[in-house]
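Written out below as structure tokens is the structure these notes cover.
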Amino acid sequence: MTARKIEILVGAFIVLACAAFLMLALKVANTGFGGSSQTYTLYAQFDNIGGLKVRSPVKVGGVTVGRVSNIELDRVSYSPVVSLEINADYSNFPETSSVAILTSGLLGEQYIGLLPGFVDDTVLMLGNGDTIEDTRSAIVLEELIGQFLFNRGN
Amino acid sequence: MSDVLVDIQHLNFSRGDRSIYRDMNMQVIRGKVTAIMGPSGIGKTTLLRLIGGQLKPDSGKIIFDGLNIPTLSRSELYQARKKMSMLFQSGALFTEMSVFDNVAFPLREHTRLPESLIRLIVLMKLESVGLRGARDLMPAELSGGMARRAALARAIALDPELIMYDEPFAGQDPISMGVIVRLIRELNNALGLTSVVVSHDVTEVMSIADYVYVVADKTVIGQGTPEQLRADPSPLVQQFLQGEADGAVPFHYKAAAFEDELMELAK
Amino acid sequence: MIANRLQKIGHQTLNSVSGFGRAGLMLFGALLGKPDFRRGIPLLIKQLYVIGVLSLMIILVSGLFIGMVLALQGYTVLVKFGAEGMLGPLVSLSLLRELGPVVTALLFAGRAGSALTAEIGLMKATEQLSGMEMMAVDPLRRIIAPRFWAGVIAMPLLALIFNAVGILGGHLVGVEWLGVDAGSYWSAMQANVDLYQDVLNGVIKSIVFALIVIWIALHKGFDAVPTSEGISRATTQTVVTASLAVLGFDFVLTALMFGG
């Protein structure tokens, strides 16, 4: 076995491993190398976030525009505050926009649906650090069933 | 520059609880072939490893070329080892390299000579042991005698001052034995080497050695030129030289009297 | 009786502690000091070939089959819930988080680890290591160090290849054979696999396993009793010890990475 042949095979091995990594990073994982792209942060306060988790997607009409970066409880009102990290490419949401916690399918993951609001001269655009006022909380199945039974009883 | 290349003074060495050497003294004279003989199992190889610094004695001095080996730091020891080399009983050739690369190994490791010069030196060394034609063989393809000669070529690659042979005659047929005897003598004279031969092959050793030490019982029991040794009055030395089965070294391993043990069984 | 038992326990403890000490010293001696790139790189490449390239075949084949089996078993369970769309995440997450690093490490211990132990044990038995030392070449730096680095580099790469091949194997069975929609296989995977949380944590795992396996293999070889019996025992010990250590550390790492 000549040194040259060994070097070629080792080179091929390394290339194969790099290809495997690229496949895992780009085709299998969701972020790719996107962590470096510009984002800005919005806040939204909910009554109940259900099963929402950090890194859940933020979608506009089904298109992912960002992710939940943090979830914490407001110290005064004791209601959860969600930080949304939105891709800077989508920076023109009016302050009349609303967010809702939705579920993909019956048993699927929960995500945040962002619904852009109307625009007129008096409406400002949301910027970094702003809070979205119009929020709808997660639907909790148990509450829904409870309400249904209660209504039937009436 | 003194005449004594290796000077062992008051050496004590033990392995675990077993004492191997007790207060041993020995001198190896520059440019001579010094032989160390003794029955098997008394740690002759251990002595070579002590000189090479692979083992540390419990006490005593081992002076090699003015340096006390046991007290050297690691890097000093490695510097000192460049001036000595050792021919192992098995040859210890690197199995994954050809004979040529084996001989070139110390040159490539310790020098920055161009490949053409390395080639020249290696061929020269191989020629001196008569294996120039075998340079492309792998160690597995060599006979025992040839492997030992190839190892010898590697041992002299860096032109050491001291070369230590560990049982160079063991397990050789008479022809390769004769070849190795001749090589040790010739290399010693031609290259101005100092040789230490550890062996228990009395005839071969007596034929090439300038000075002989007989080691037994943890220390040196007899020394001198081969002629002086033959005239040595010690019964132990004589038994060893003559190869008698029983004598000062008893045939029987230490045991209780045989009669007693038989009686014990009969009970 | 009790004194004897105690003595035995004490003896074994002391033995294993001194074994750890020798293993540590060996690694310390091999990795310390300034590296010699002129001589080191060709040696490293040679070892990458022996340790990495020669292990590639077993990794490719077993990765493919494990991916296929995962898809087959996962499908039969998921289809009961009508959730066969989640086959992609099932296959990819099991591979990336657990099976990739662990199975690669176990195969690596069997294929490369045992070979390393036997090789070094044999070099010791035939006095090649002593011979090298007497030629003023440090066997720790010349023999141990390049093998160590080659192992640490090769194993994460092998694990990545194992994962990729496994996911392709899952695709083969899930999509081509069982008829899961290709789009949902990949998109559900993308929605659920995270580069840092899953892919890179898997890589970190396999780096840790590489350190463990290669260290054990080298130490067992270096510390082997230089007889044919000693070498065969050392080789067995390498596979057993390394496999157990990998499984044990896998639990610890999983608890640290995904448990919280």
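Read the figures in this text as sums done on the coordinates, not as results from a lab. Here the structure is a predicted model, which is why all the values come from computation and not from measurement. Counting neighbours? That spans all protein chains shown, and the Cβs are built from the backbone with ideal geometry, glycine included.
A few notes on this one:
- Under the convention that each Lys and Arg Cβ holds +1 and each Asp and Glu Cβ holds -1, the size of the dipole of the protein assembly as shown around its Cα centre is about 1300 debye.
- The protein assembly as shown shape via C-alpha gyration tensor axes, a/c threshold 1.5: prolate
- Shape category assigned to the stretch C:154-211 from the gyration tensor of Cα positions, a/c cut at 1.5: oblate
- Cβ-based exposure ranking for C:GLU84, B:GLU96, in which fewest neighbours within 10 Å come first: B:GLU96, C:GLU84
- Computed over the stretch A:39-147, relative contact order equals 35 percent, with contacts defined as Cα pairs under 8 Å that lie 6+ residues apart.
- Relative contact order, whole percent, for chain B stands at 24, derived from Cα pairs under 8 Å and 6 or more residues apart.
- Shielding by partners for peptide C:199-210, expressed as the average number of C-beta atoms from other protein chains within 10 Å of each residue's C-beta, is 1.
- Packing-based order for B:256-265, B:146-155, C:53-62, using average beta carbon neighbours within 10 Å, highest first: B:146-155, C:53-62, B:256-265
- Compared with the dominant principal axis of the Cα atoms in chain C, helix C:182-192 is inclined by about 60°.
- Here's the list of lysines a cross-link from B:LYS44 could span, going by alpha-carbon distance under 25 Å and ignoring same-chain residues fewer than 8 apart: B:LYS32, B:LYS56, B:LYS61, B:LYS82, B:LYS83, B:LYS218, B:LYS254, C:LYS124.
- Considering the stretch A:1-153, its Cα convex hull presents a mean projected area of 15.2 nm².
- Taking the number of Cβ atoms within 10 Å of each Cβ as an exposure proxy, the fewest-first ranking of B:ASP246, B:ASP232, B:ASP159 is B:ASP246, B:ASP159, B:ASP232.
- Three-way shape label, the stretch B:36-100, alpha-carbon gyration tensor, a/c 1.5: oblate
- Of all DSSP beta bridges in chain B, antiparallel share, percent nearest 5: 55
- Site pair B:SER59 and C:LEU14 shows an inter-label distance of 2.4 nm when each label is modelled 7 Å from Cα along Cα→Cβ.
- Relative contact order (percent, whole number), chain C, Cα cutoff 8 Å, 6+ residue spacing: 32
- Of all DSSP-defined beta bridges confined to the stretch A:39-147, some 80% are antiparallel rather than parallel.
- Calculated from backbone phi, Karplus (6.51, -1.76, 1.60) coupling profile of the stretch B:95-106 in Hz, x at Gly/Pro: 5, 8, 10, 6, 4, 4, 5, 4, 5, 6, 3, x
- Amide H to amide H distances under 5 Å link B:LEU67 with no residue, where only residues 5 or more positions off or on other chains count and H is placed in the peptide plane.
- Virtual spin-label span in nm between B:GLN89 and C:THR254, 7 Å along Cα→Cβ: 5.0
- Residues A:ASP134 and C:TRP177, FRET efficiency given R0 of 51 Å [Cβ-Cβ distance, rounded to 0.05]: 0.60
- Computed P(r) (all Cα pairs; chain B; 5 Å bins; percent): 1, 6, 12, 15, 17, 15, 13, 9, 6, 3, 2, 1, 1, 0, 0, 0
- The label-point distance for B:ASN25 and A:THR2, in a model that sets each label 7 Å from Cα toward Cβ, rounds to 6.2 nm.
- Between helix B:144-155 and chain B there is an angle of about 60 degrees, using the helix long axis and the longest principal axis of the Cα atoms.
- Hz values of 3J(HN,Hα) by residue in the stretch C:73-90 - Karplus curve (6.51, -1.76, 1.60), Gly and Pro given as x: 5, x, 4, 4, 7, 5, 5, 5, 9, x, 10, 5, x, 8, 4, x, x, 4
- Sorted on the mean count of surrounding Cβ atoms within 10 Å across their residues, most packed first, peptides B:8-14, A:120-126, B:108-114 read B:8-14, B:108-114, A:120-126.
- Average partner coverage of C:133-144, which counts Cβ from other chains inside 10 Å: 6
- Ranked list, fewest to most other Cβ atoms within 10 Å of each Cβ, for A:TYR43, B:TYR165: A:TYR43, B:TYR165
- Equivalent ellipsoid dimensions for the stretch B:1-79 as semi-axes, Å, which come from the Cα gyration tensor, largest first: 20, 17, 11
- Backbone phi angles across the stretch C:209-223, fed through the Karplus curve with coefficients 6.51, -1.76 and 1.60 (θ = phi - 60°), yield HN-Hα couplings of 4, 4, 4, 5, 4, 6, 5, 4, 4, 5, 5, 4, x, 5, 9 Hz in residue order; Gly and Pro are listed as x.
- Chain B: angle of helix B:115-128 to the longest principal axis, Cα-based, in degrees nearest 10: 40
- Per residue, the convex hull spanned by the Cα atoms of the stretch C:2-258 measures out at 168 cubic angstrom.
- Residue (of B:ILE42, B:VAL202, B:GLY145) at the positive-pole extreme of chain B, dipole from beta-carbon charges: B:GLY145
- Packing-based order for B:72-79, A:144-151, C:129-136, using average beta carbon neighbours within 10 Å, highest first: C:129-136, B:72-79, A:144-151
- The loop-placed trypsin sites (Lys or Arg not before Pro) in the stretch C:109-184, going by DSSP, include none that has at most 12 neighbouring Cβ atoms within 10 Å of its Cβ.
- The mean count of C-beta atoms from other chains within 10 Å of the C-beta of residues in B:80-87, rounded to a whole number, is 3.
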